[in-house]
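Please read the structure below before turning to the comments.
The values are calculated or read from the model by the stated rules, or taken from the named source; none is laboratory data. The shown structure was predicted, so the numbers you read here are calculated from the model rather than taken from an experiment. Positions of Cβ are backbone-derived with ideal geometry, glycine not excepted, and every protein chain shown enters the neighbour counts.
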Amino acid sequence: MWFVEKHDGTGFMIRGEKIFEKESMQKIEIYSTSLGKMLVLDGKIQLTEKDEKMYHEMLVHVPMLMHPSPEKILIIGGGDGGALREALKHKPKEVKMVEIDKEVVEACRKFIKIDDGAFDDERVEIIYEDGVEFVKNCKEKFDIIIVDGSDPDAVSKPLISREFYANCEKLCDIFVTQSQSPFLQNEHFEAILKNSNVFKQRRIYLSFVPSYPSGMWSFLIAGENLAIDLETIKKRYEERMIKTFHYNPELHVSSFSLPTWLKELIKKYGLLC
Ligand code: SPD
């Protein structure tokens, strides 16, 4: 069968067989495809085995390497375990993962298995709770907060609200969230830019993720001071002995080089370019 994800008159097609389906708070589907196992939530592709590292490595290593010693990490979402797997490569003391939908974790553990044992790591605590409520009531501080939400249509919509960003800002040194396709999903992308102005400094960086709408994928990183140079990133990457498939320090720096139209758009919302 062909699975098709459509966006405003465009679409991404992939051939595969459905191997799992469940309706929980969202519709969870898992396919076996020509790009490996594929997770789909409410009709939107969340990962394929072939390109998930192009997303998870960029989501996680960019903020982690911008921090001198990331020891306490909070991941909101990330039920497939990909972000967790990457965060553990920095040898943090503890990682809390707050996932709203236990069924996603269970389905991914059974059928996708990209966590490489991360779910069972003794430094990891998985909390099944709404991330918005968690940060509202949280008294702990984190070095990094990583938001690995699904598309902000239903379940994940509160993860792009000003209230959520304001609560995260109080709790961490560096914040990062995936911020959709700036090319095809302007409504979501601009809502994220608008609502995140609670942070002192914000920047956008990009990765190419072929199975996501348009392939052009963005991340918003925020904190007190986001300045960093290539030499420092290289040194940290080597000292921490990080092994990656897609990420490297040169790509880290170049991912902040944005096309003119995107620079102009984000400048309107007061972000650094
Ligand atoms: N449809 C693209 C949505 C991308 C954001 N979610 C990715 C989750 C992978 N852990």
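In table form, for the structure just shown:
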| item | result |
| --- | --- |
| Conditions (1) loosely packed, with under 14 Cβ neighbours inside 10 Å; (2) touching a Ser or Thr at 6+ places or on another chain (Cβ under 9 Å): number failed by Glu49 | (1) |
| Verdict on Phe3 being touching a residue at least 60 places away in the same chain (Cβ under 8 Å), part of a strand (DSSP E or B), surrounded by fewer than 22 Cβ atoms within 10 Å (Cβ to Cβ) and within 15 Å of the ligand (Cβ to nearest atom) | no |
| Selection count where residues are of a type in the set (A, V, I, L, M, F, W, C), outside the structural domain of Ser254 (by TED's automatic domain parsing) and in a loop (DSSP other than H, G, I, E, B), scope the range 37-67 | 0 |
| Strands (runs of 3 or more DSSP E) completely within the range 152-231 that count 1 or more residues being free of Cβ contacts under 8 Å to residues at least 40 places away in the same chain | 216-223 |
| Selection status of Phe175, of a type outside the set (Asp, Glu), more than 16 Å from the chain's Cα centre (by Cα) and away from the ligand (no atom under 11 Å from the Cβ) | no |
| Unmet requirement for Gln180, which otherwise passes all of (1) surrounded by fewer than 14 Cβ atoms within 10 Å (Cβ to Cβ); (2) modelled with pLDDT of 95 or more | (1) |
| Single match in His61, His67, His56 (criterion: surrounded by 23 or more Cβ atoms within 10 Å (Cβ to Cβ), away from the ligand (no atom under 13 Å from the Cβ) and within 23 Å of Phe175 (Cα to Cα)) | His61 |
| Residue count for the range 15-35, restricted to those that are within 22 Å of Gly149 (Cβ to Cβ) and crowded, with 16+ Cβ neighbours inside 10 Å | 7 |
| For Lys170: the one exception among (1) within 28 Å of Asn197 (Cα to Cα); (2) surrounded by 14 or more Cβ atoms within 10 Å (Cβ to Cβ) | (2) |
| Options Ile45, Ile75, Ile28: the member that is touching a residue at least 12 places away in the same chain (Cβ under 8 Å) and more than 11 Å from the ligand (Cβ to nearest atom) | Ile28 |
| Checklist (1) under 30 Å from Phe20 (Cα atoms); (2) out of contact with any helix residue (DSSP H, G or I) (no Cβ under 8 Å at 6 or more places or on another chain) applied to Val98, failing item | (2) |
| Subset tally (residues that are hydrophobic (A, V, I, L, M, F, W, C), free of Cβ contacts under 8 Å to residues at least 60 places away in the same chain and part of a helix (DSSP H, G or I)) for the range 85-115 | 3 |
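Here's the yes/no breakdown for (1) under 27 Å from Lys102 (Cβ atoms); (2) touching a helix residue (DSSP H, G or I) at 6+ places or on another chain (Cβ under 9 Å); (3) modelled with pLDDT of 95 or more; (4) surrounded by 22 or more Cβ atoms within 10 Å (Cβ to Cβ):
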{"residue": "Phe142", "(1), (2), (3), (4)": "yes, yes, yes, yes"}
{"residue": "Ile146", "(1), (2), (3), (4)": "yes, yes, yes, yes"}
{"residue": "Glu163", "(1), (2), (3), (4)": "yes, yes, yes, no"}
{"residue": "Ser196", "(1), (2), (3), (4)": "no, yes, yes, yes"}
{"residue": "Ser207", "(1), (2), (3), (4)": "no, yes, yes, yes"}
{"residue": "Trp217", "(1), (2), (3), (4)": "yes, yes, yes, yes"}
{"residue": "Asn225", "(1), (2), (3), (4)": "no, no, no, no"}
